[in-house]
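Only one structure is covered here, and it is reproduced in the block below.
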């Protein structure tokens with residue numbers, strides 16, 4: 001028995017099939033794009049480390065965000081980083097460094113810049 005299909009019905013089936021195929025292809029492409037390849041460190045190309053700039057400074061703590069691991073400091077100029085005095089928020093190397101600090105406390109700190117971000121690597125209460 002020969003089954004004849006209406007041309008309009010055939011066109012709708014083809015359109016539906018194409019839509020499903022396009023969706024599947026787009027989903028697979030998106031999934032692949034978000035997948036990170038796991039390459040052992042020994043096989044990854046070695047990129048020379050950026051030259052770190054370091055400066056020490058003195059400042060007054062304005063705010064502490066222990067959850068984020070950041071401290072906002074109003075500081076004098078940082079000669080080693082060619083930065084004028086201002087008030088900025090910096091991440092700290094270790095959140096535990098913030099445990100004994102409080103706002104309006106004078107501190108000495110060491111700030112490093114690796115070419116893309118600033119990081120406080122040392123921070124202590126300043127002696128008066």
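The values are calculated or read from the model by the stated rules, or taken from the named source; none is laboratory data. Quick caveat, the model's predicted, so the values are computed rather than measured. Counting neighbours? That spans all protein chains shown, and the Cβs are built from the backbone with ideal geometry, glycine included.
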In segment 80-105, which residues are in a strand (DSSP E or B), surrounded by 14 or more Cβ atoms within 10 Å (Cβ to Cβ) and at pLDDT 95 or above? 88, 89, 90, 91, 92
Only one of these conditions is not met by residue 22: (1) modelled with pLDDT under 95; (2) under 25 Å from the mean Cα position of the chain (by Cα). Which number is it? (2)
